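Read through the structure below, which is laid out as structure tokens, and then see the notes.
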Amino acid sequence: MNMMENSKTKNIITAIALSLVLASCKAPMATVIKDEVKENIPQNFNQEEPQDANNNSGTTPWRQFFTDPNLVSLIETALKNNQELLITLQEIQIAKSGVLAKKGRLTPTVSAGIGAGLKKSGRYTSEGAGDATTEIEPGKEMPDPLGNFEAGLNASWEIDIWKKLRTEKESAVAHYLSTVEGKNFVLSNLIEEVADNYYELLALDNQLDIIQQYIKLQQRALEISKIQKEAAAATELAVKKFEAELAKSKAAEYTIRQQITEKENEINALLGRYPQPIVRAKENFMSTIPPTVYTGIPSQLLANRPDIKQAELELKASKLDVEAARKEFYPSLEISATLGLEAFKPSYLVKMPESIAYNLAGELAGPLINKSAIKANFQTADAKQVQALYEYDKTILNAYLDVANLMSKVKNIDQYYQLKSQETKALDQSIDIANQLFRNSRADYLEVLLNQRDALDAKMELIEAKQKQLSTVVDIYKSLGGGWK
């Protein structure tokens, strides 16, 4: 009879286990999309000019790329104090804690505890009747009410039979590594912002110098017009026109001064400090030659740009999340155990082995019906991994377009700067000629004013061109993945 009962029990357990396995076989599959953007990345940024894969400015450390000691000092301060960077560092710590939490689930959980309780069973119950007729020792009845004192260890462990917990840990590791790359991208952006604002500040300094020079020039022209008016060689209209032009230039001077103040404070904000003067040398700005930038080949962006590597790691993490969510359909095996001392009086706890108590249990459980929550979690994870793939592709495409656009901009801004230089030289010469003709009453005051305005505009645009020339090189350096090493 016992053999038949054991056989039935084994058959029931086998049937339950088989039903769990069969149910898990119905787990849905993850969506698979071909990554055409990565697979079809062009061989070169410019099909007409093949690039050298061994020459890539994106791998140059920023301290070697930037040679201005004042700029280097500003960047170093920003890397220590910038709040956005400090926030990103905390995100790394949060992600690191997530890895430790997932890793902890792979090992058994063990806890220690003590407890005490008191119980009174009814006399006319099976438990109460049994206690009333039971002697603990000869002549000693079971106490009523019955106390319970215990101390021991409790352990629980989910056996990772499907490697679900390992998959979750791998996902947490990938997310942690993506936050590290995110920090690198913040570094790269921060260095670019500091450098761009620094060059804009130097440009404003030089524009202020130019406007002050032209104010002096216009003051002389105004004096000449007054002298010529007294000699009846010019009219009151000419005097008023020169006065208006002088006032306009002085107003522009204060506008530039305000822009300088705001730009200094913008840099101070990036450096994480209160307003203070920005140390800089404006004298050599116009003679600064931008460093030559070598782009390498497009596929190197995948290894050099932190934002692409971050998106790639987030894609990896999302795929692992889908895998872990799929394994929720599988049965899980949990083992629990307790070992300790238990007695109804504290004095009996030291009587061993009688007071020793233990328990060991294993449980295999899996979802059979009403799996809507598990399905929803899987569908969410699956949609997120598709979303992460599109985000990864978008990052690659934008990175390629950034470099391609900036390469074209570098060439065009160089040509623009050369032509503006020629224009400025010609207009400077025309100012001298116009002033000389005006003094000799051989030119109208309007010719002098127009030449001064054109020359001023050309000088201002030339300074802007130099600033754009330098900033564009910084931007392409960052777009190639430089700035964080």
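Here Lys263 is the anchor, and the aspartates and glutamates within straight C-alpha reach of less than 17 Å, apart from those fewer than 8 places off in the same chain, are Glu192, Glu193, Asp196, Glu200, Asp205, Asp209, Glu253, Glu464. Checked against a 19 Å cut-off, the cross-linked pairs Lys34/Lys478; Lys425/Lys459; Lys163/Lys316; Lys34/Lys384; Lys103/Lys164; Lys120/Lys345 give Cα-Cα distances beyond that limit for Lys34/Lys478. Give the relative contact order (percent, whole number) for region 113-270; include only Cα pairs under 8 Å separated by 6+ residues. Result for region 113-270 is 20 percent. Computed with a 1.4 Å probe over protein heavy atoms only, the accessible surface of region 286-428 comes to 57 Å² per residue. Accessible surface computed residue by residue for region 95-254, with neighbouring protein chains in place and a 1.4 Å probe, gives 55 Å² per residue.
Take every Cα pair under 8 Å whose residues are at least 6 apart in sequence, average their separation, divide by the length of region 340-485, and the relative contact order is 24 percent.
Can you compute the charge dipole magnitude of region 241-302 about its Cα centre, using +1 on each Lys and Arg Cβ and -1 on each Asp and Glu Cβ, nothing else charged? Give it in debye, rounded to the nearest 20.
On the way: 8 positive and 7 negative charges, 9 e Å.
For this selection, approximately 40 debye.
Computed with every protein chain present, the accessible area of Phe45 is close to 20 Å² [probe 1.4 Å]. Heavy-atom accessible area, probed at 1.4 angstrom with all protein chains present, ranks Asp205, Asp131, Asp457 as Asp457, Asp131, Asp205, highest first. Rounded to the nearest 10 degrees, the inclination of helix 164-230 to the longest alpha-carbon principal axis of the chain is 20 degrees.
With only the Cα atoms considered, region 342-471 has a convex hull volume of 363 Å³ per residue. Computed from phi, the 3J(HN,Hα) profile of region 110-123 under the Karplus parametrisation 6.51, -1.76, 1.60 (θ = phi - 60°) reads 10, 9, 10, x, 10, x, 8, x, 9, 9, 10, 8, x, 5 Hz, with x in place of Gly and Pro. How much of the accessible area of region 57-125, in percent, comes from carbon and sulfur atoms when a 1.4 Å probe is used? Percent of accessible area from carbon and sulfur atoms in region 57-125: 57.
Helix 83-104 and the longest principal axis of the Cα set of the chain meet at an angle near 20°. The angle separating the long axis of helix 306-326 from the principal Cα axis of greatest extent in the chain is about 20 degrees.
Only protein heavy atoms count here; under a 1.4 Å probe, Trp484 has an accessible surface of about 60 Å².
The values are calculated or read from the model by the stated rules, or taken from the named source; none is laboratory data. Here the structure is a predicted model, which means the values were calculated and not measured. Please note: Cβ atoms are built from the backbone with ideal geometry, for glycine as well, and neighbour counts cover all protein chains shown. Only protein heavy atoms, including side chains, enter the accessible area calculation; ligands, DNA and RNA are left aside. Shrake-Rupley method; radii C 1.70, N 1.55, O 1.52, S 1.80 Å.
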